[in-house]
Amino acid sequence: MTDAAEGSAADSIRARLAHVEARLAYEIDVVAARAAQERGAVLVDTRKQASWDHGHVTGALHLPTSDLDRDLGGMPADRTLIVYGWGPGCNGETYTAKVLLERGYDVREMIGGYEYWGRNGFPIEGVGADGEIVDLTRPADPLVTAE
């Protein structure tokens, strides 16, 4: 390998390492998000109203991506916001995170989303036919839990 090729390979490794370090500083898995929520972080559901009603993280705030052009004065500016969408294939929360970061909020993105939160057996709730909040928490799926 030539000196130029070795230098290029080293630069590529450094660039990939920087990328991975940035992801680890920004993304948060559901287990860490649950612990952060217990310490005061606020989870923010970015899905549409019907999805929210069907089920959401207990204690989360609802901010659908379609509402990002409204006044966000109700979002706590003094706490970390952890945005989430449906699951690993959803990137609506990424767009929401971008907007919130541009507006000066401290934001992290929960990887795995609502799907993995629920599959870990963490508290979820929904809105019943009568408009009341109902507990939808289910047992953890042993194939996906961190323990």
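The values are calculated or read from the model by the stated rules, or taken from the named source; none is laboratory data. Every value quoted in this text rests on a predicted model; they were computed, and no experiment measured them. Quick reminder, even Gly has a Cβ in these numbers, built from the backbone with ideal geometry, and neighbours come from all protein chains shown. Each accessible area value is taken on the protein alone, full model and side chains, heavy atoms only, with ligands, DNA and RNA left out. Shrake-Rupley method; radii C 1.70, N 1.55, O 1.52, S 1.80 Å.
For segment 45-59, indicate whether the set of residues that are at pLDDT 95 or above, under 15 Å from Gly118 (Cβ atoms) and in contact with a helix residue (DSSP H, G or I) (Cβ under 6 Å, 6 or more places away or on another chain) is non-empty. Yes, the conditions are met somewhere in segment 45-59. The criterion of being more than 24 Å from Tyr26 (Cβ to Cβ) and in contact with a Leu (Cβ under 8 Å, 6 or more places away or on another chain) does not hold for Glu132. For segment 94-104, a residue qualifies if it is open to solvent by less than 30 Å² (accessible area, probe 1.4 Å) and either closer than 22 Å to Arg34 by Cβ or touching a helix residue (DSSP H, G or I) at 6+ places or on another chain (Cβ under 6 Å) (or both), and the qualifying residues are Thr96, Ala97, Leu100. For segment 53-66, a residue qualifies if it is in a loop (DSSP other than H, G, I, E, B) and open to solvent by 10 Å² or more (accessible area, probe 1.4 Å), and the qualifying residues are Thr58, Gly59, Ala60, Pro64.
Note on segment 111-140: among residues that are assigned to a strand (DSSP E or B) and open to solvent by less than 70 Å² (accessible area, probe 1.4 Å), the one that is farthest from Leu61 (Cα to Cα) is Val134. Only a single criterion out of (1) over 28 Å from Ala22 (Cα atoms); (2) open to solvent by 50 Å² or more (accessible area, probe 1.4 Å) is not satisfied by Asp69, namely (1). For segment 24-52, a residue qualifies if it is part of a helix (DSSP H, G or I) and surrounded by 15 or more Cβ atoms within 10 Å (Cβ to Cβ), and the qualifying residues are Val30, Val31, Ala32, Ala33, Arg34, Ala36, Gln37, Ser51, Trp52. For segment 70-87, the criterion of being out of contact with any His (no Cβ under 8 Å at 6 or more places or on another chain) and part of a helix (DSSP H, G or I) is met by no residue. The single condition among (1) under 25 Å from Leu24 (Cα atoms); (2) open to solvent by 20 Å² or more (accessible area, probe 1.4 Å); (3) touching a residue at least 40 places away in the same chain (Cβ under 8 Å) that Trp86 does not meet is (3). Checked against the criteria, His56 does not count as more than 30 Å from Asp135 (Cα to Cα) and within 19 Å of the chain's Cα centre (by Cα). Exactly one residue among Thr65, Thr80, Thr94 is modelled with pLDDT of 95 or more and not aliphatic (A, V, I, L, M), and that residue is Thr80.
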